[in-house]
Amino acid sequence: MALGVTKKEKIDGLAESAGVSLAASAWKRLRRSPVFLIGAVIIGIFVVLSLLSPWLAPHNPSDPMLIGQVVKARNEIPPPQPGHPLGGDLQGRDFFSRLLVGSQQTLVVGVGATLIGLTGGLILGTLAGAIGGWVDSVVMRIVDVMLSLPSLLLAFSIAAMFAKPSQFTVILAVAIVQIPVFARLLRGSMLAQRHSDHVLAATALGVKRGSIVFRHMLPNSLSPVIVQSTLVLATAIIEAAALSFLGLGNPDDRIPEWGQMLGDVQNVFDTHPQLAAWPAVCIIIVALGFTLMGETLREALDPKNRR
Amino acid sequence: MALLEVRDLTVVFQRRGEEPFRAVDGVSFDVEPGQTVGLVGESGCGKSVTSLAIMGLLPKRGAKVTGTVKYDGTDLLKLSDKEMRDRRGRDLGMVFQDPLSSLNPVVPIGLQVTEVLERHRGMPRKEAMIEAKDLLDKVGIPDPNRRLKEYPHQLSGGMRQRALIAIALACRPKLLIADEPTTALDVTIQAQILTLMKELVQDLGTALVMITHDLGVVAGLCDEVNVLYGGKVVEKAMRHKLFAEPRHPYTHGLLASIPRLDAAPGEKLTPIKGSVADNIPWAQGCAFAPRCPNALDVCVQVTPAEEDQLGRLLRCHNPVVPGTPAAEEVPV
């Protein structure tokens, strides 16, 4: 950007310095990034569909309305037909409706797990980064232990601890796995803030310790954490799907969920691959959308890319 | 009684498994109300550490501070953390070197000014905002109402430093410590900031401790000057006396290394040879001796004592004789 600055960019730069906040200047850069737009469109469609799915779905996703067409002995399932564009599943339920309503669970699990993980990570990271000393050591050793285990294995173990698996246990298992990621990230940037000039300046003004942490250190440390949370959303969706696939998800199959739909059709994959392919493709596209958005967000907020 | 009395201030940095390092070694000086006192020296001479020690901003672990720092009769070094926090910003203000990094990048200027007012003067936010506007006005920031809502990166360098000065003076501290406040600014802005500080100090009767490596700043602002070398004051005198007649070879060398308007064309500057790395410990003699053009044998054997010479404190075995021209030229 130093070389070959176009006139347009120069003018934009002037406009920026004349009264636009950091977030606004990042937004300006994002708006021009096609990758971000693709990610945003995917996420936008996904969110709208999942919110409206109860009304958009043509049939009740738990109603075995096509059960007459299922022939267990000959391994036959209802084929695509008028009113049922993707046919039915092994229990004769409308596959398209299940796919559509399944997005809701994915959204709830992804957002829920990320929010809980973020909250936990913020608390631990703030404790470690702001207090330091032995608190820092203890928190960070716990985080190290958690990070040393493969995340899926850890989520699997946590989910398996619950006697009655449910949607909530899936969210919790995925969330706990994300806590150390956030905690370590926040602690790192809090430490950098602790030795920054403006924190020293605030200390020199006699600002109270609480205000220094919450007004001066935390807000300046948040941007990597916020970016990370969009990336974690993708991971959370995949891990939640994996847990459901492995049978640790919500056992109630009246509420469809993509990972669980995948798991249910393991035995018939060679004869009816489309039953696995559709939810798999949905998971991949949604996870990709969050990743694209997160990566471009990180680039836009990276101070190295700033003027 | 002086407003600030620093006596034998010593700061020793100690890391496990390493030799302790005396960054400040028995520094003493007084600041009267309304007076401007300069601490001058090159990088690493202990001037910033002195200011941090006075403000109580050195880390608890690793830095041992001894001596006394009396402010209005109370020893600041003996105060608890909480008492010291209450005083910082209210009784003692500080202006730092880099105005951009010393302001919180994500908080608008207005809130950064009102934060101090709310903290120390218990003002409600609304009232503090009006006061903040007056403060920005007073330090010469045009259109203060708009600037209050802006973020530090939207202000120019000079304006940022003005804002920092406004924040430091918000609670009318009786003592202001300025740690190289003009280093990050270009020369014209430097002049504006120095004029501003001079005016404010006169108007408010604030005592000012000016920390700088720039003798030009000292000449324009300070009443009394302390020249630091290797953590000790090597020469202390009133400004006119020091500039007219530097006695310590270090002070003499510093002045000789400044370009002069009345120098003959083509005349070379006279640097002080060597660097701070050549210092010997004060315990073995004079820290400056290895770089000193006047060094004698005694200089590397006996620590020079502080001597009072007609209102000038001098720490030297073989001071420069008054009237000596700049030290001999060093081949580079």
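In table form, for the structure just shown:
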{"read-out": "Matching entry among A:50, A:17, A:25 (being assigned to a helix (DSSP H, G or I), at pLDDT below 85 and surrounded by 16 or more Cβ atoms within 10 Å (Cβ to Cβ))", "value": "A:25"}
{"read-out": "Residues that are buried (at least 17 other Cβ atoms within 10 Å of the Cβ) and of a type in the set (Ser, Thr, Tyr), drawn from the stretch B:234-269", "value": "B:250, B:251"}
{"read-out": "Sole exception among (1) buried (at least 19 other Cβ atoms within 10 Å of the Cβ); (2) under 19 Å from residue A:267 (Cβ atoms) for residue A:114, by number", "value": "(2)"}
{"read-out": "Of all residues making up the stretch A:145-156, the number that are surrounded by 13 or more Cβ atoms within 10 Å (Cβ to Cβ) and polar (S, T, N, Q)", "value": "1"}
{"read-out": "Selection count where residues are touching a His at 6+ places or on another chain (Cβ under 9 Å) and on the phi < 0 side of the Ramachandran plot, scope the stretch A:79-88", "value": "1"}
{"read-out": "Where residue A:207 falls short, out of the listed (1) in a helix (DSSP H, G or I); (2) buried (at least 20 other Cβ atoms within 10 Å of the Cβ)", "value": "(1)"}
{"read-out": "Residue check for residue A:200: surrounded by fewer than 24 Cβ atoms within 10 Å (Cβ to Cβ), more than 13 Å from the chain's Cα centre (by Cα) and closer than 30 Å to residue B:165 by Cα", "value": "yes"}
{"read-out": "Number of the exception - residue B:231 against (1) surrounded by fewer than 14 Cβ atoms within 10 Å (Cβ to Cβ); (2) touching a residue at least 60 places away in the same chain (Cβ under 8 Å); (3) not acidic (Asp, Glu)", "value": "(1)"}
{"read-out": "Matching residues in the stretch B:131-162 - criterion: being part of a helix (DSSP H, G or I) and either touching a residue at least 40 places away in the same chain (Cβ under 8 Å) or at the interface with chain A (Cβ under 10 Å from one of its Cβ atoms) (or both)", "value": "B:138, B:146, B:148, B:149, B:152, B:153, B:154, B:157, B:160, B:161"}
{"read-out": "Among (1) out of contact with any Lys or Arg (no Cβ under 9 Å at 6 or more places or on another chain); (2) in contact (Cβ under 8 Å) with a residue 24 or more places away in the chain - the single one residue B:12 does not satisfy", "value": "(1)"}
{"read-out": "Sole residue being surrounded by fewer than 23 Cβ atoms within 10 Å (Cβ to Cβ) and at positive phi, chosen from A:92, A:68, A:120", "value": "A:92"}
{"read-out": "Residue ranges of strands (runs of 3 or more DSSP E) in the stretch B:1-110 with at least 2 members of a type in the set (Val, Ile, Thr)", "value": "B:4-13, B:21-31, B:36-40, B:63-71"}
{"read-out": "Residue list for the stretch A:157-181, restricted to those being surrounded by fewer than 16 Cβ atoms within 10 Å (Cβ to Cβ) and not in a helix (DSSP H, G or I)", "value": "A:162, A:163, A:164, A:166"}
{"read-out": "Long-range neighbours under 6 Å by Cβ, at least six apart or interchain, first residue at the interface with chain B (Cβ under 7 Å from one of its Cβ atoms) within the stretch A:196-219, second of a type in the set (Gly, Ala, Ser) and assigned to a loop (DSSP other than H, G, I, E, B)", "value": "A:197/B:101; A:197/B:102; A:198/B:102; A:201/B:102; A:205/B:89; A:206/B:89"}
{"read-out": "Number of positions in the stretch B:95-106 that are at the interface with chain A (Cβ under 7 Å from one of its Cβ atoms) and touching a residue at least 24 places away in the same chain (Cβ under 8 Å)", "value": "7"}
{"read-out": "Selection status of residue B:154, surrounded by 19 or more Cβ atoms within 10 Å (Cβ to Cβ), over 15 Å from the mean Cα position of the chain (by Cα) and within 19 Å of residue B:36 (Cβ to Cβ)", "value": "no"}
{"read-out": "Tally, over the stretch B:53-75, of residues that are within 14 Å of another protein chain (Cβ to nearest Cβ), without any contact (Cβ under 8 Å) to a residue 60 or more places away in the chain and either within 18 Å of the chain's Cα centre (by Cα) or over 25 Å from residue A:132 (Cβ atoms) (or both)", "value": "4"}
{"read-out": "Qualifying residues in the stretch B:116-130 (those that are out of contact with any Gly (no Cβ under 6 Å at 6 or more places or on another chain) and in contact (Cβ under 8 Å) with a residue 40 or more places away in the chain) - the one surrounded by the most Cβ atoms within 10 Å (Cβ to Cβ)", "value": "B:117"}
{"read-out": "Scan of the stretch B:267-299 for residues that are of a type in the set (Val, Ile, Thr) and not in a helix (DSSP H, G or I), ordered by number", "value": "B:270, B:272, B:280"}
{"read-out": "Matching residues, the stretch A:232-282, being assigned to a loop (DSSP other than H, G, I, E, B), under 18 Å from the mean Cα position of the chain (by Cα) and closer than 19 Å to residue A:57 by Cα", "value": "A:257"}
{"read-out": "Complete set of residues in the stretch A:182-195 that are surrounded by fewer than 19 Cβ atoms within 10 Å (Cβ to Cβ) and not aliphatic (A, V, I, L, M)", "value": "A:188, A:194, A:195"}
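To keep it simple, each residue is scored yes or no on (1) within 28 Å of residue B:156 (Cα to Cα); (2) out of contact with any His (no Cβ under 8 Å at 6 or more places or on another chain).
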residue	(1), (2)
B:44	no, yes
B:58	no, yes
B:64	no, yes
B:89	yes, no
B:97	yes, yes
B:103	yes, no
B:110	yes, yes
B:113	yes, yes
B:123	no, yes
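The values are calculated or read from the model by the stated rules, or taken from the named source; none is laboratory data. All figures in this text were calculated on a predicted structure; none of them were measured in a lab. Positions of Cβ are backbone-derived with ideal geometry, glycine not excepted, and every protein chain shown enters the neighbour counts.
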